[in-house]
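What follows is one structure encoded as structure tokens, with my remarks underneath.
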Amino acid sequence: MIIRKLFKFENAHIVRGCSTQRCRASIHGHSYKVEVLFESKYLDHGQMVYDFGLMKQGMKDLIDSFDHTIAIWDGDNAEYIASMKEHSNRWVILPVSPSCEQFSRVLFLMIDRLLGATQMVNGEQGVKLHSIIVHETETGYAQAFEEDAYSELMGTIVLESIDFSDEVKEGWSEPRLWEKILSGEMFTNPKTI
């Protein structure tokens, strides 16, 4: 069975190297919709694959990290990066260009890592991240599966190279969220929220 949770965020970026002049040379923004799809062959004690309420914790914080931020590729011009960081309190530095395709891969890796470090407490079994769909516009989206997220052909994404501004980190309900995810420290899902 597959379940889906929808999240939203507003984000600005430049996607260097793309075909469209407007996209590669001008800061612009999108109202993103992110679909997180989980799968399992089992149901928990509440007869659910994974309680949607649990997604309001770390997953929501991770996705919300991109809300009202400027997404910056660490391979961009150093002066541009410094200027964006100087003029915006909310930014995220990514090891890949912030295209819709790369957002779907980055979010897959982040949520997959979080899920893997989550201690299940309500009989959840075999819960796996199926895919991440990132809608950049009403008519266009990218969907990343495990093989895409971990693909060397598409470029290896090193999560440790992602950097969040202090203001983004201050918005997390768990102050050490990113540190815990990177270290593999266990998160415990409470039985009640």
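Miscellaneous remarks
- Scanning region 14-60 for residues that are assigned to a loop (DSSP other than H, G, I, E, B), β-branched (Val, Ile, Thr) and surrounded by 13 or more Cβ atoms within 10 Å (Cβ to Cβ) turns up ILE14, VAL15, VAL49.
- Test: residue in region 179-187 that is β-branched (Val, Ile, Thr), in contact (Cβ under 8 Å) with a residue 12 or more places away in the chain, within 21 Å of SER40 (Cα to Cα) and touching a Leu at 6+ places or on another chain (Cβ under 7 Å): no
- Options ALA117, ALA149; residue that is touching a residue at least 40 places away in the same chain (Cβ under 8 Å) and either farther than 22 Å from TYR50 by Cβ or within 13 Å of the chain's Cα centre (by Cα) (or both): ALA149
- Summed over region 163-182, residues that are surrounded by 13 or more Cβ atoms within 10 Å (Cβ to Cβ) and either in contact with a helix residue (DSSP H, G or I) (Cβ under 8 Å, 6 or more places away or on another chain) or assigned to a loop (DSSP other than H, G, I, E, B) (or both) total 10.
- Whenever a residue of region 76-91 is farther than 21 Å from GLU10 by Cβ and at pLDDT below 95, it has no partner that is of a type in the set (D, E, K, R) and outside any loop (DSSP other than H, G, I, E, B) lying with C-beta atoms less than 7 angstrom away and at least six residues away or across chains.
- Look at region 19-34: where a residue is over 19 Å from SER104 (Cβ atoms) and of a type in the set (A, V, I, L, M) and a partner is assigned to a strand (DSSP E or B) and at pLDDT 95 or above, sitting 6+ places away or on another chain with Cβ atoms under 6 Å, you get ILE27/ALA12.
- Checked against (1) in contact with a strand residue (DSSP E or B) (Cβ under 6 Å, 6 or more places away or on another chain); (2) surrounded by 20 or more Cβ atoms within 10 Å (Cβ to Cβ); (3) assigned to a helix (DSSP H, G or I), GLU101 meets all criteria but (2).
- Scanning region 66-96 for residues that are loosely packed, with under 15 Cβ neighbours inside 10 Å and either over 21 Å from LEU109 (Cβ atoms) or within 14 Å of the chain's Cα centre (by Cα) (or both) turns up ASN77, ALA78, GLU79, TYR80, ALA82, SER83, GLU86, HIS87, ASN89.
- Qualifying residue in region 3-13 (condition: surrounded by fewer than 17 Cβ atoms within 10 Å (Cβ to Cβ) and over 30 Å from LYS128 (Cα atoms)): no
The values are calculated or read from the model by the stated rules, or taken from the named source; none is laboratory data. On a predicted model such as this, the values are computed, not experimentally measured, just so you know. Ideal geometry is used to build each Cβ from the backbone, glycine not excepted, and the neighbour counts take in all protein chains shown.
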